[in-house]
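The values are calculated or read from the model by the stated rules, or taken from the named source; none is laboratory data. Because the structure is predicted, anything quoted here is derived from the model rather than measured. As a convention, Cβ positions derive from the backbone with ideal geometry for all residues, glycine included, and neighbour counts pool all protein chains shown. Quick note on the areas: whole protein, heavy atoms, side chains included, nothing else; ligands and nucleic acids left out. Shrake-Rupley method; radii C 1.70, N 1.55, O 1.52, S 1.80 Å.
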Amino acid sequence: MPEKFTQMTAELYRYAVDHSDGQDELMRRLEQETEREAGDMSVMLTAPEQATMMTLLVRAIGARRALELGTFTGYGSIAIARGLPADGSLITCDVSEQWTEIARRYFDEAGLADRIDLRLGPALETLAGLPESEPFDFAFIDADKGNYPAYYEECLRLLRPGGLVAIDNVFYGGLVVSNQGNSERGKFAAEIRELNDRIAADQRVLSTMLGVADGVTLALKLD
């Protein structure tokens, strides 16, 4: 059968972004401040079209409790929280006081501070303290790549049946399909590739990998 995809170009990508719900003024300012303060690290910011997709997904599945691993300056957190109902809650995890200071300011300005519970400390420690008796509807993994496999298992443990986990950077800049030898980036690419293979074969979930931003896998936890 012929391959049923359209090759993404910069022009086509811009077309897709222009035909998606765009950033509002607050998110634009958050993006600009992150770029100004974080420099090259601002690449960790969630892409605008990916943020819109998460708001849409959270709202579509009727999520009330959400979990995020990797807050950074709060762009993705705001996107998730905006999809929750007024009495919904998001637990977001990070280790950086510097970047989450920015996040806290924008949570307040967005009117979402009462909906977002920011927890500082190693995410695996935070996750270990969360009980299965209070399951989540949605989880987003966008943190240190070396711990992705452990994050995935913990998120599955904490999700309700029918809950959804989204995993960012599953393309890892395209390196998952190339051999980068023993470099650090090559090591992380190999680990993400291994996780991608594991999720594709995981009978506990129904999954698909999407060409959004740097690749996003969606995995629906089955009964």
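Structure values in brief
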item: Residue match in the stretch 111-123 (condition: within 25 Å of residue 84 (Cβ to Cβ), in contact with a helix residue (DSSP H, G or I) (Cβ under 8 Å, 6 or more places away or on another chain) and open to solvent by 50 Å² or more (accessible area, probe 1.4 Å)); result: yes
item: Residue that is farthest from residue 45 (Cα to Cα) [pool: residues in the stretch 210-223 that are in a strand (DSSP E or B) and open to solvent by 40 Å² or more (accessible area, probe 1.4 Å)]; result: 221
item: Every pair of residues 6+ apart whose Cβ atoms lie under 9 Å, when the first sits in the stretch 115-144 and is free of Cβ contacts under 8 Å to residues at least 24 places away in the same chain and under 11 Å from residue 158 (Cβ atoms) while the second is among the acidic types (Asp, Glu) and outside any loop (DSSP other than H, G, I, E, B); result: none
item: Residue satisfying condition, being over 17 Å from residue 167 (Cβ atoms), open to solvent by 90 Å² or more (accessible area, probe 1.4 Å) and in contact (Cβ under 8 Å) with a residue 24 or more places away in the chain, within set 21, 40; result: 21
item: Residue that is farthest from residue 50 (Cα to Cα), among those in the stretch 1-37 that are acidic (Asp, Glu) and outside any loop (DSSP other than H, G, I, E, B); result: 37
item: The stretch 195-209, residues that are part of a loop (DSSP other than H, G, I, E, B) and small (Gly, Ala, Ser); result: 201
item: Leading residue by the ranking (farthest from residue 30 (Cα to Cα)) among those in the stretch 84-97 that are assigned to a loop (DSSP other than H, G, I, E, B) and open to solvent by less than 20 Å² (accessible area, probe 1.4 Å); result: 88
item: Of all residues making up the stretch 185-209, the number that are at pLDDT 95 or above and open to solvent by 40 Å² or more (accessible area, probe 1.4 Å); result: 10
item: Residue, farthest from residue 144 (Cα to Cα), within the stretch 47-83, restricted to residues that are in a loop (DSSP other than H, G, I, E, B) and open to solvent by less than 10 Å² (accessible area, probe 1.4 Å); result: 63
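So that you can scan it fast, the table gives a plain yes or no per residue for (1) free of Cβ contacts under 8 Å to residues at least 24 places away in the same chain; (2) charged (D, E, K, R):
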position	(1), (2)
6	yes, no
9	yes, no
17	no, no
47	no, no
56	no, no
78	no, no
82	no, yes
